[in-house]
1. Specify the residue that is farthest from R155 (Cα to Cα); the eligible residues are those in region 48-94 that are among the small types (G, A, S) and in contact (Cβ under 8 Å) with a residue 40 or more places away in the chain.
2. Let me confirm something: among L65, L78, which residue is in a helix (DSSP H, G or I), buried (at least 16 other Cβ atoms within 10 Å of the Cβ) and modelled with pLDDT of 95 or more?
3. Would you mind finding the one in A91, A167, A143, A86 that is among the small types (G, A, S) and over 21 Å from D56 (Cα atoms)?
4. Would you say A113 is within 15 Å of M153 (Cα to Cα), over 19 Å from the mean Cα position of the chain (by Cα) and open to solvent by 40 Å² or more (accessible area, probe 1.4 Å)?
5. Open to solvent by 50 Å² or more (accessible area, probe 1.4 Å), touching an Asp or Glu at 6+ places or on another chain (Cβ under 7 Å) and either under 23 Å from D67 (Cα atoms) or at pLDDT below 95 (or both): is that true of K133 in this structure?
Amino acid sequence: MATHAHPSHSNSGAMLVGAGIGAGLAFLGMVGRKLAVQAPTALAGEWDKALAAEHDMALALFDKLRDVPADADSKRTLLLMQLKHALGKHALEEENAIYPAMRDAGMEAEADALNGDHGYVKQYLYDLTDLVKDDAAFQTRLAAFRTDIESHMRREEDELFPRLRQALDHQAANRLTRRMNREGLKLA
C-alpha cells in the first residue's frame, strides 16, 4: 500500500522553504546596504580621516539643500531626510566611540561640549522639518545651522582630533577606528 503526501503538505513545505530563502535574501540585502553605506567611511582610513570625510559629505548635503528651488518641497524633504540620516550615523559614531576616547584621554570638558553641540544639531533638524514648505524661513535656518555645524567640525578636525590622535598609540588608534566603524554600521 503506497502512501502519498497530501498535496497541501508539500505546498506548505515549499512555501516555508521559499519564505526562509526570502528572509535570508532580505537579511543579506540589509547587510549589503549597511556595508555599502558605511564603506566610504571605512575606506577613508583611520577614525579622524573617516570623520573628516563624513564632515565633507554632510557639508555637500547642506549645499544641495541650499540650492533646492523654492517650489521643490519634495526634493527638499528628501535631501533633509538624507542629511538627518548622515548626521545621525555620524553622531552615533562620535558619541559612542570618539567622545568616550576623548574623556579617557583627559579631554572630558571638550567631549562634553561637543556632545552638547549634538543636541543643537537635533534642534536644527527638528526646526527644519517644520519649515520645509517655507523656503525663506528654511533657508535662513539652514544657513545658521551650516555655520554652526561647520564651526563644530573645524574645531574637531583642527584642534581636538589632533590632540586625541597624539594621546593614542597605534594599537589604540586602530581599536578606535574599528569601534567607530561598528557604531556606524548600527545606523548605516
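1. From region 48-94, those among the small types (G, A, S) are 50, 52-53, 58, 60, 70, 72, 74, 86, 88, 91; that's our starting set.
Remaining after also requiring in contact (Cβ under 8 Å) with a residue 40 or more places away in the chain: 50, 52, 58, 70, 88.
On the way: A50: 16, A52: 11, A58: 16, A70: 32, G88: 19 Å.
My answer is A70.
2. Numbers: L78 fails: buried (at least 16 other Cβ atoms within 10 Å of the Cβ).
From the options L65, L78, the qualifying one is L65.
3. Values: A91 fails: over 21 Å from D56 (Cα atoms); A143 fails: over 21 Å from D56 (Cα atoms); A86 fails: over 21 Å from D56 (Cα atoms).
Going through A91, A167, A143, A86 in turn, the sole match is A167.
4. Spelling it out, A113 is indeed within 15 Å of M153 (Cα to Cα), over 19 Å from the mean Cα position of the chain (by Cα) and open to solvent by 40 Å² or more (accessible area, probe 1.4 Å).
5. Details: open to solvent by 50 Å² or more (accessible area, probe 1.4 Å): yes; touching an Asp or Glu at 6+ places or on another chain (Cβ under 7 Å): yes; either under 23 Å from D67 (Cα atoms) or at pLDDT below 95 (or both): yes.
The answer is yes for K133.
Listed here are the residues, each with its yes/no results for (1) open to solvent by 90 Å² or more (accessible area, probe 1.4 Å); (2) touching a residue at least 12 places away in the same chain (Cβ under 8 Å); (3) among the aliphatic types (A, V, I, L, M); (4) over 27 Å from D63 (Cβ atoms).
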position: I149; (1), (2), (3), (4): no, yes, yes, no
position: H152; (1), (2), (3), (4): no, yes, no, no
position: E156; (1), (2), (3), (4): no, yes, no, no
position: F161; (1), (2), (3), (4): no, yes, no, no
position: L176; (1), (2), (3), (4): no, yes, yes, yes
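The values are calculated or read from the model by the stated rules, or taken from the named source; none is laboratory data. The shown structure was predicted, so the numbers you read here are calculated from the model rather than taken from an experiment. Neighbour counts are summed over all protein chains in view; Cβ atoms, including those assigned to glycine, are modelled from backbone coordinates with ideal geometry. Just the protein is used for accessible areas: all its heavy atoms, side chains included, with ligands, DNA and RNA removed. Shrake-Rupley method; radii C 1.70, N 1.55, O 1.52, S 1.80 Å.
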